[in-house]
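Accompanying notes for the structure given below.
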Amino acid sequence: MNWDFHLNWTEIGLAGLQIVLILVVGRYVVKIAKRAVEAFVARTTVKPDKFDQRRIQTVGKLVSNILSYGLNFIIILLVLDKLGIPIMPLLAGASVLGLAVGFGAQSLVKDVLNGFFIIFEDQFGVGDVIQTGNFKGTVEQIGLRMTRIRSATGEQYIIPNGSITEVTNFSMADNSGV
């Protein structure tokens, strides 16, 4: 690696100013994105609509976190580029690492994706009586990775969301008389 140590103070000052500008603008962009998601969630929960408030808040928080992580990753890459660190090898390495982690954590990814769709599609909620596989009971907690069900006799089942393939929701019975 050939480092050029003959930088003048003007170049160093300009690079430092650019880094500070990237960090400040990046923070504002992250805050604006989070506020936009919060405003959308607040506006949606105020309307008497068919959407469930807890589902909207869960999806809103998920979208806010994804935006925050993505924007912060871009900010870090821009700062590293200004410091003279080549980012293309970092991106390639991150891609390979992401692929390896994805293969190694397939069940975790499956659990999280299924949990997201359970919440997003409102398949069941806390307090609903459901049956999935051999487990039947009242839903006590729904997370992105697992669901907790309490049976009528008191047993608590902790089921990874990736293993939930079929659900019977006894709380969503049609009471319209049809």
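With a probe of 1.4 Å, find how much accessible area the chain has per residue, and write the answer as a whole number in Å².
72 Å²
Given springs between every Cα pair under 10 Å in a Gaussian network model of the chain, which of 109, 24, 79 has the largest fluctuation?
With Cα springs under 10 Å in the chain, the top fluctuation among 109, 24, 79 is at 24.
Could you calculate the contour length gain from residue 95 to residue 9, that is, 0.36 nm times the residue separation minus the distance between their Cα atoms, to one decimal place in nm? Can you show the working numbers first?
Values: separation 86, 0.36 × 86 = 30.96 nm, distance 3.60 nm.
Extra length available between residue 95 and residue 9 comes to 27.4 nm.
Working out 0.36 nm times the residue gap between residue 172 and residue 126, then minus their Cα-Cα distance, what length gain in nm do you get to one decimal?
Difference between extended and current length: 15.3 nm.
For percent of Cα pairs over 22 Å apart, several values are listed as (1) 64; (2) 48; (3) 44; flag the one computed from this structure.
(1)
For the chain: lysine pairs with Cα atoms under 30 Å, gap of 8 or more or different chains, count?
Taking the Cα cut-off of 30 Å, the pair count is 16.
Count the DSSP beta bridges whose two residues both fall in the chain, then state the antiparallel fraction as a percent rounded to the nearest 5.
Beta bridges within the chain, antiparallel portion: roughly 100 percent.
When the accessible area of the chain is split by element with a 1.4 Å probe, what percent falls to carbon and sulfur? Walk me through the numbers on the way to the answer.
Details: 8270 of 12830 Å².
Roughly 64 percent, rounded to a whole number.
Rank 161, 134, 65 by mean-square fluctuation in a GNM of the chain with C-alpha springs under 10 angstrom and give only the top-ranked residue.
Answer for the Gaussian network model of the chain: 134.
Taking the Cβ of residue 148 as the center, what net charge do the other residues with Cβ under 15 Å away carry, scoring Lys and Arg +1 and Asp and Glu -1?
-1
The values are calculated or read from the model by the stated rules, or taken from the named source; none is laboratory data. If you're wondering where the values come from, they're calculated on a predicted model, not measured in any experiment. Don't worry about glycine lacking a Cβ; one is built from the backbone with ideal geometry, like all the others, and counts go over all protein chains shown. In case anyone asks, the SASA skips ligands and DNA or RNA and just uses the protein heavy atoms, side chains included. Shrake-Rupley method; radii C 1.70, N 1.55, O 1.52, S 1.80 Å.
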